[in-house]
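Read through the structure below, which is laid out as structure tokens, and then see the notes.
The values are calculated or read from the model by the stated rules, or taken from the named source; none is laboratory data. Owing to the predicted nature of the structure, the values given are computational and were not obtained by experimental measurement. Using ideal geometry, Cβ is built from the backbone for each residue, glycine included, and neighbour counts are taken over all protein chains shown. The protein model used for the area step is the full one, side chains on, heavy atoms only, and it has no ligands, DNA or RNA in it. Shrake-Rupley method; radii C 1.70, N 1.55, O 1.52, S 1.80 Å.
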Amino acid sequence: MHAVRIRPSSIMNHSLSLLLVVLLAVAGLDARADPFAYVPNEKSGTLTLIDVASDQIAGEIRAGTKPRGLVASQDGRTLYVSDQPNNALLIVDVAQRRTTGRIDLGESPEGVGISPDGTWAVVAIELSNSVSFIDTRTNAVAFSVKTEGKNPEHAVFSPDGRWLYVSAEEADTVDVIDVSQRRQVAAIKVGARPRGMAFTPDGKRAYVACELADTVYAIDVASRRVLAKIPAGVRVNGVTMHPSGRVVYVSNGGDGTVMAISVPEDKVTATIAVGKRPWNMAITPDGAKLYVANGRSNSVSVIDTARASVLREIPVGELPWGVLVR
């Protein structure tokens, strides 16, 4: 018999190869991991977690007294949730599934936004008519910007992070904040009581739901002019853009429906019945499913976007305000 000599370097190389295979496998699993849908329930004071793969309830997180606006950090490890009665932005650790901190704000914080690069979390502050900018690296308020519109509700960044659009309940304009200048630079005339907003992925258009006008306004971002007025249902409210940029979805709170509007034709292509008082919505990264918070049904409707039909209705907490898919 001949003795087989194994060089230490061969063992090391083999071990490193195995480690690399394991790491790649883990990374692959993480990349394929399905997101969760997070639902803030105003009356319950909770966030309901829905497993997007199975559409089953995956847990619940206590989140203050009246959670509303909700965004995630860029790495997805942290949630920022507005707690309206307590005038705070809550910091939620996703892995621990619990609130780990709070940022004190002005009275009645509502809609929350996140910049594309994750640097800024912004909160619309209703009673002070302003938007607070929170530095996510320090979790502290860096500055605030006054808005012309009264009772601001939603604050949405353009895809390039240059502009922040703010809608206010007591207004008929959309306020435009220049993020680098840290001030409002324009107000775009739309219909009464603008609510939900969404940009196309290329940042060239924005869509705004005006609740008291029962109309959706298509805005050219560069010229800041209205391109189209699209008749919607009663009390149109939430707005969500398909990742392709070819369809925008709007919820009609009074009708209990969601409409699909083609882009750039600006034509309604489908109307889908959901629960009572549909409010804010979110779509999966692949655009396959749209999750709709039904405030008066205490449920979330899951829409198959390809078929424009409801797949199922998921019971959640009381008075769901919106959905975040992350």
For residue 222 and residue 150 in one chain, what is 0.36 nm times their gap in residues minus the Cα-Cα distance, to one decimal in nm?
-> 23.5 nm
Of 146/189; 229/267; 189/276, those spanning more than 20 Å from alpha-carbon to alpha-carbon | 189/276
Is any residue of the range 53-75 close enough, with backbone N under 12 Å, to a label point placed 7 angstrom from the Cα of residue 86 along the Cα-Cβ axis, and if so, which?
-> 62-68
Which parts of the range 94-121 would a label at residue 311 reach, counting a residue when its backbone N lies under 19 Å from a point 7 Å out along Cα-to-Cβ?
-> none
Any idea of the accessible area per residue across the range 173-326, 1.4 Å probe, to the nearest Å²?
-> 39 Å²
Cleavage-rule hits, trypsin sites (Lys or Arg not before Pro), the range 52-137, DSSP coil, Cβ neighbours within 10 Å at most 16 | 77, 97, 137
Simple SL model, points at 7 angstrom along Cα→Cβ for residue 273 and residue 326; separation in nm is 3.5 nm
Given all pairs of distinct Cα atoms, the range 137-213 yields a Kirkwood Rh in Å of 12.8 Å
Name the residue, out of 138, 78, 147, whose mean-square fluctuation peaks in a Gaussian network model built on the chain with Cα pairs under 10 Å.
-> 138
Percent of Cα-Cα distances greater than 22 Å, calculated over the range 25-139 = 33 percent
Where the convex hull is taken over the Cα atoms of the range 123-275, what is its projected area averaged over directions, in nm²?
-> 9.0 nm²
In Hz, Karplus ³J(HN,Hα) per residue of the range 208-225 (6.51, -1.76, 1.60; θ = phi - 60°; x = Gly, Pro) | 10, 8, 10, 5, 7, 9, 6, 9, 9, 9, 9, 10, 7, 5, 5, 8, 6, 10
According to a simple spin-label model (label point 7 Å from Cα along Cα-to-Cβ), what is the distance in nm between residue 62 and residue 229?
-> 4.9 nm
Once the Cα atoms of helix 8-32 and of the chain are each reduced to a long axis, what angle between those two axes, in degrees from 0 to 90 to the nearest 10, is obtained?
-> 20 degrees
Simple label model, 7 Å out from Cα along Cβ direction - residue 296 to residue 262, nm = 3.2 nm
From the C-alpha gyration tensor of the chain, pull out the three semi-axes of the equivalent ellipsoid (sqrt of 5λ each), sorted largest to smallest, in whole Å.
-> 38, 23, 21
Straight-line reach check, residue 66, cutoff 14 Å on alpha carbons, 8 or more apart in-chain or any other chain, hits among aspartates and glutamates -> 42, 83, 107, 110, 318
Quick one: pull the percent of accessible area on the chain belonging to carbon and sulfur, 1.4 Å probe, ligands and nucleic acids left out.
-> 51 percent
